[in-house]
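Enquirer: Pasting a structure below so you can have a look.
The values are calculated or read from the model by the stated rules, or taken from the named source; none is laboratory data. Predicted model, so just to flag it, every value in this text is computed and none were measured. Heads up, the Cβs are rebuilt from the backbone with ideal geometry, glycines too, and the neighbour counts pull from every protein chain shown. All accessible areas refer to the heavy atoms of the entire protein, side chains included, with ligands and DNA or RNA removed. Shrake-Rupley method; radii C 1.70, N 1.55, O 1.52, S 1.80 Å.
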Amino acid sequence: MNAFAKAKYFLKIFNDVSLVSAQSRKTLSELLVFLRAANMLSLFAHKVVREDMLYELPENFRWHITSNINYSERQQYQVGIEIDRINLLLEDAGITPVFLKGAAYNIEKVASLEGRTMSDIDILVSSSEIKKTEKRLLSLGWQAKELSNYDEKYYREFAHEIPPMFDPISGTTLDIHHNLYLLG
């Protein structure tokens, strides 16, 4: 089976988890590798449990499923802590961020958060507060990722955000937007 056909087949299993019980160990191993590479394994794990298919899998595959559920739930908890911390850090400077994407899902505890993993937290602040936000975070030990002059200009002028910042203590990466639309 070529790579395209295999990916198509794996997506079929992803969409219909009842198919996992009929898969060989080799196919299940390849499926896990595929889903992990596509950052879809936690979503799949939640679907397997929700559809009561966990015990249709061999024991070593069940471990991967439960491990990914634990990972995504732990990350949601940690993101909640980071949201509270970022809110406090910025509110002390009179800045009220709007949390976007996965962080917004986390705040609202929406169903689509289930199995979602995040690589960063996105916030929106008013354009008049962008410099104040950056200065506040830098004063608290956050760091900006080093970029070329071209990339720095792209972020600030076209992407309407400052370059990603990260907290070296917690490891949190923060994307700070001041507009939601790219301009050419």
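Enquirer: Can you name the residue in region 119-133 that is of a type outside the set (D, E, K, R) and touching a Phe, Trp or Tyr at 6+ places or on another chain (Cβ under 9 Å) and is also nearest to residue 46 (Cα to Cα) among such residues?
Expert: My answer is 121.
Enquirer: Which is out of contact with any Pro (no Cβ under 8 Å at 6 or more places or on another chain), within 30 Å of residue 34 (Cβ to Cβ) and loosely packed, with under 14 Cβ neighbours inside 10 Å, of 74, 85?
Expert: Going through 74, 85 in turn, just one is out of contact with any Pro (no Cβ under 8 Å at 6 or more places or on another chain), within 30 Å of residue 34 (Cβ to Cβ) and loosely packed, with under 14 Cβ neighbours inside 10 Å: 74.
Enquirer: Would you check which residues across region 103-119 are of a type outside the set (Ser, Thr, Tyr) and closer than 10 Å to residue 79 by Cβ and list them?
Expert: Scanning region 103-119 gives 103, 106, 107, 113, 116, 118.
Enquirer: Is it true that residue 48 is of a type in the set (A, V, I, L, M) and more than 26 Å from residue 176 (Cα to Cα)?
Expert: Yes; evaluated as a whole, the condition is true for this residue.
Enquirer: If only one of 96, 172 is surrounded by fewer than 17 Cβ atoms within 10 Å (Cβ to Cβ), at pLDDT 85 or above and within 25 Å of residue 76 (Cβ to Cβ), which one is it?
Expert: Among 96, 172, only 96 is surrounded by fewer than 17 Cβ atoms within 10 Å (Cβ to Cβ), at pLDDT 85 or above and within 25 Å of residue 76 (Cβ to Cβ).
Enquirer: How do the pairs read when you match residues in region 93-116 that are of a type outside the set (Ser, Thr, Tyr) with residues anywhere that are open to solvent by 70 Å² or more (accessible area, probe 1.4 Å) and assigned to a helix (DSSP H, G or I), using Cβ under 7 Å and keeping only pairs 6 or more apart or on different chains?
Expert: As it stands, the answer is 93/132; 95/132; 99/107; 113/105; 116/105, since those pairs meet every condition given.
Enquirer: Is it true that residue 123 is more than 30 Å from residue 49 (Cα to Cα) and either of a type in the set (S, T, N, Q) or touching a residue at least 12 places away in the same chain (Cβ under 8 Å) (or both)?
Expert: Criteria met by residue 123.
Enquirer: Which condition from (1) under 19 Å from the mean Cα position of the chain (by Cα); (2) under 24 Å from residue 159 (Cα atoms); (3) at pLDDT below 95 is the one that residue 83 breaks?
Expert: For residue 83, the exception is condition (3).
Enquirer: Please determine whether any residue of region 159-167 is open to solvent by less than 30 Å² (accessible area, probe 1.4 Å) and under 30 Å from residue 49 (Cα atoms).
Expert: Checking region 159-167: not a single residue is open to solvent by less than 30 Å² (accessible area, probe 1.4 Å) and under 30 Å from residue 49 (Cα atoms).
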